[in-house]
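Here is the structure we will look at, set down as structure tokens.
The values are calculated or read from the model by the stated rules, or taken from the named source; none is laboratory data. Being a predicted model, the structure only gives us computed values, none of them experimental. Note that each Cβ is placed from the backbone with ideal geometry, even for glycine, and that neighbours are counted across all protein chains shown.
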Amino acid sequence: MSHPDAMAARAADRARVVAIAAEIDQFEQRIRALQVEQDFFQHRLDAYEYPVLTLPNEIVSEIFIHFLPTYPHCPPMKGRESPTTLTHICRRWHEIALATPKLWRAIAVFYTQKRTKQTRLVQTWLNRSGSCPLSIRLGPSDLVSKEAFLAILLHSERWHHVELGMPAPEVALIKGPMPLLESFSLEVDRSDYTHPATTFGDFPRLRSLTLDNAGDARWLPISQLTTLTFQDVHHLTNCLPLLRDAVNLVHLSLIDCTIVPPQSNNITLTRVQTFAMIQCLAGPHMLDILTLPALCTLRMPAGGLGLDPINSLTSFISRSGCKLQKVVFTRPVHRSEKSLLAAFPTIPHFQIKDDVYSMHSQSEAEDDSD
């Protein structure tokens, strides 16, 4: 490159450096302007208070409680519908959730996992629930560790609504007092069990009882019950005489039971309003041993009334003096369904349908009675 050419190249480079410096200065000025604008809007955002974050802790706690199923229904212990979800949103919500005992008062243990982890989780919920009354669903027995059951048993004075499924030997470990217990469901993996180590005085508020494959109810205060359900009981004949003491009973249900009415005098229950027999192997004259003057709703297999259900039901109504509002017969029916329906024109709701049991069948008669 000749000397004149080299001088021209250097001059061009110097001019380009000056031009780049000017562009950089322009960009820096623009960046500074953007930073000022950014700081302005960030300051305005920082000054903004989200409505939910302005609520007092007590209100947030109440909202959290309404996030869960209505008590005494139990939320899952893990997953999106569990109260543990609320502890993962932010630090404040975490602290509020842990300081709200009502979030942890309904405990359902039904899933399979390592037994030690299950026990720790149950103990954590029990500790977080403080002194709240407890709603417990524990079972089936092959999915629940004995340690988890024992942890719950230590809080029996707080039992409020309890459903237990357990091996027969562990039933004998249940002991009172249980001053808050209002509803109790007990499922045993066999019927030849030793009943809990309790006395009538241990259940001053007990009103609703379900015995599943655990037909011996002599250890319970039958006289104060308003709702009684026997389920999967194969020796119900021995339990029926206990009904004589059920002077306050309003709802009586027999589910999947083998029923052979005892050869005994008639049993009168003056307050029973609903009586249901669901998927039962019934003797031919079940209603012959019952007098139910307040009965409004009846559900039972038509076979439970023998070969002549019209006369059997007519006799029962006449003897009881009840004013039935709803009757549900389940098939098979020994007579023409039309003639059976036509025989009772004064009953407002009379149905014949298949005896399909679901989780709602037990309460169906009560729910539909109005």
* To do: Restrict the check to the range 307-330 and report whether at least one residue is at pLDDT below 75, assigned to a loop (DSSP other than H, G, I, E, B) and of a type outside the set (A, V, I, L, M).
  => no
* All positions within the range 160-180 that are free of Cβ contacts under 8 Å to residues at least 40 places away in the same chain, farther than 15 Å from Ala197 by Cβ and hydrophobic (A, V, I, L, M, F, W, C) -> Val162
* Structure fact -> Matching residues in the range 134-162 (modelled with pLDDT under 90 and under 11 Å from Ile107 (Cβ atoms)) number 2
* Asked: Do we have Ala168 as within 15 Å of Gln118 (Cα to Cα) and of a type outside the set (Val, Ile, Thr) here?
  -> no
* **Any helices (runs of 4 or more DSSP H) falling wholly within the range 1-115 and containing at least 3 residues that are under 57 Å from the mean Cα position of the chain (by Cα) and surrounded by 13 or more Cβ atoms within 10 Å (Cβ to Cβ)** => 57-67, 91-98
* So which of Gln113, Gln42 is at pLDDT below 95, within 30 Å of Met166 (Cβ to Cβ) and not aromatic (Phe, Trp, Tyr)? -> Gln113
* List pairs: first in the range 185-196 and farther than 12 Å from Glu170 by Cα, second modelled with pLDDT of 60 or more and part of a loop (DSSP other than H, G, I, E, B), Cβ under 9 Å, 6+ apart or cross-chain? -> Ser191/Asn213; Ser191/Ala214; Ser191/Asp216; Ser191/Asp232; Ser191/Val233; Ser191/His234; Ser191/His235
* To do: Kindly list, by first and then second residue, each pair from a residue in the range 274-302 that is farther than 11 Å from Leu313 by Cβ to a residue that is in a helix (DSSP H, G or I) and modelled with pLDDT of 90 or more, limited to pairs with Cβ atoms under 7 Å and residues at least 6 apart or on different chains.
  => Thr291/Arg319; Thr291/Ser320; Leu292/Ser320; Pro293/Ser320; Leu295/Ser320
* To do: With the condition kept exactly as written, say whether any residue in the range 61-79 is β-branched (Val, Ile, Thr), out of contact with any Phe, Trp or Tyr (no Cβ under 7 Å at 6 or more places or on another chain) and over 30 Å from Ser183 (Cα atoms).
  => no
* Can you work out which of the residues in the range 142-191 that are more than 21 Å from the chain's Cα centre (by Cα) and of a type in the set (Val, Ile, Thr) is surrounded by the fewest Cβ atoms within 10 Å (Cβ to Cβ)? => Val171
* Asked: Out of the residues in the range 339-370 that are within 33 Å of the chain's Cα centre (by Cα) and of a type in the set (A, V, I, L, M), which is modelled with the highest pLDDT?
  -> Ile352
